[in-house]
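Enquirer: Below are the structure tokens for one structure; questions will follow.
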Amino acid sequence: MSCGYRCPRDEVHDRCADLNPGFQKYTADTAPDGDADLDVDFEDFRLADCPKCQGILKPDVVFFGDFVPKDRVYSALDTLKASDGLLVIGSSLMVYSGFRFCRYAKKWNKPIATLNLGRTRAEDLVDLKLNASIGDTLDAALQKL
Ligand SMILES: [Zn+2]
């Protein structure tokens, strides 16, 4: 988190596997949000530290409550500006960091479609709302291609 070291996720996985050989026997299904629930005591689990500074490693993702890096926001806005429209999949857009792209799309007269089970924050902005399963809908869309 402090020295800027970056590596592929698989490298961290392999290092954690090497540090925790007793955990190889466990398996779990992956939840839609990427989590996996294991009924295991993690007291002895050893995390891989940064090989450069021995500090804490963190995935290069924005966690809930974190700020999206400005250069990433500007890059996304540039992409949106050059696009024909905005398709939001699997988000309620309740967090402003995602909702703002709908506001920009509307401001720039881009059509907006959402594919999500349940209500989204952009109900008043969307041109097409698909209140449906993501997997089923995308599978059906692929069949049409
Ligand atoms: Zn480091």
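Just so you know, all these numbers are worked out from the coordinates, no wet-lab data involved. If you're wondering where the values come from, they're calculated on a predicted model, not measured in any experiment. Virtual Cβ from ideal backbone geometry, glycine too; neighbours counted across all protein chains shown.
Enquirer: Calculate the radius of gyration of the Cα atoms of segment 70-144 to one decimal place, then report Dmax, the largest Cα-Cα distance, as a whole number, both in Å.
Expert: Looking at segment 70-144, its Cα Rg and Dmax stand at 12.6, 38 Å.
Enquirer: Which one, TYR104, ILE134, ALA28, projects farthest toward the positive side of the charge dipole computed for the chain from Cβ point charges (K/R +1, D/E -1)?
Expert: TYR104
Enquirer: Now for a different question. Consider just the alpha-carbon atoms of segment 1-60 and return their Rg together with their Dmax, both in angstrom.
Expert: 12.9, 34
Enquirer: If we sort 38-44, 51-57 on the protection proxy, mean other Cβ atoms within 10 Å, highest first, what's the order?
Expert: Working: 38-44: 8.4, 51-57: 12.4.
Result, highest mean Cβ count within 10 Å first: 51-57, 38-44.
Enquirer: 5 Å is the cut-off here: which amide hydrogens, built 1.01 Å from N in the peptide plane, fall below it relative to ASP49, excluding neighbours closer than 5 in sequence?
Expert: The list, which skips near neighbours in sequence, is empty: none.
Enquirer: Sorting check: for 79-92, 2-15, 104-117, which peptide has the highest mean count of neighbouring beta carbons within 10 Å, and how do the rest follow? Present the calculation step by step, with values, prior to reporting the outcome.
Expert: On the way: 79-92: 13.8, 2-15: 11.2, 104-117: 16.1.
So the order, starting with the most tightly packed, is 104-117, 79-92, 2-15.
Enquirer: Report, to the nearest 10°, how far helix 70-81 tilts away from the longest principal axis of the Cα atoms in the chain, using its own Cα long axis and a range of 0 to 90°.
Expert: For 70-81 against the chain, the angle is about 30 degrees.
Enquirer: Please work out the ratio of the alpha-carbon Rg of the chain to 2.2 N^0.38 Å and round it to two decimals.
Expert: The chain yields a ratio of 1.35.
Enquirer: Next up: For the pairs LYS110/LYS144; LYS70/LYS110; LYS58/LYS81; LYS25/LYS52; LYS25/LYS58; LYS70/LYS106, flag any whose C-alpha to C-alpha distance is greater than 28 Å. Could the numbers behind the result be given before it?
Expert: Values: LYS110/LYS144 24 Å; LYS70/LYS110 22 Å; LYS58/LYS81 31 Å; LYS25/LYS52 30 Å; LYS25/LYS58 25 Å; LYS70/LYS106 21 Å.
Correct reply: LYS58/LYS81; LYS25/LYS52.
Enquirer: What are the residues whose amide H is under 5 Å from the amide H of VAL88, where those residues sit 5 or more places off or on another chain and H is modelled from the backbone?
Expert: ALA113, THR114, LEU115
Enquirer: Which angle between 0 and 90 degrees, to the nearest 10, do you get for helix 9-19 versus the longest principal axis of the chain when only C-alpha atoms count?
Expert: Helix 9-19 sits roughly 30 degrees off the main axis of the chain.
Enquirer: Expressed as a rounded percentage, what relative contact order does the chain have, with Cα pairs under 8 Å and six or more residues apart? Don't jump to the answer; show the numbers that get you there.
Expert: On the way: 134 pairs, mean separation 22.0, N = 145.
Over the chain, the number comes to 15 percent.
Enquirer: Run down the aspartates and glutamates and flag those whose C-alpha is under 16 Å from the C-alpha of LYS129, throwing out any fewer than 8 positions away in its chain.
Expert: Excluding near neighbours in sequence, the set is empty.
Enquirer: Please report, in debye to the nearest 20, how large the charge dipole of the chain is about its Cα centre when each Lys and Arg carries +1 at its beta carbon and each Asp and Glu carries -1 there. Show your work: numbers first, answer last.
Expert: Details: 19 positive and 23 negative charges, 221 e Å.
That gives the chain a dipole magnitude of about 1060 debye.
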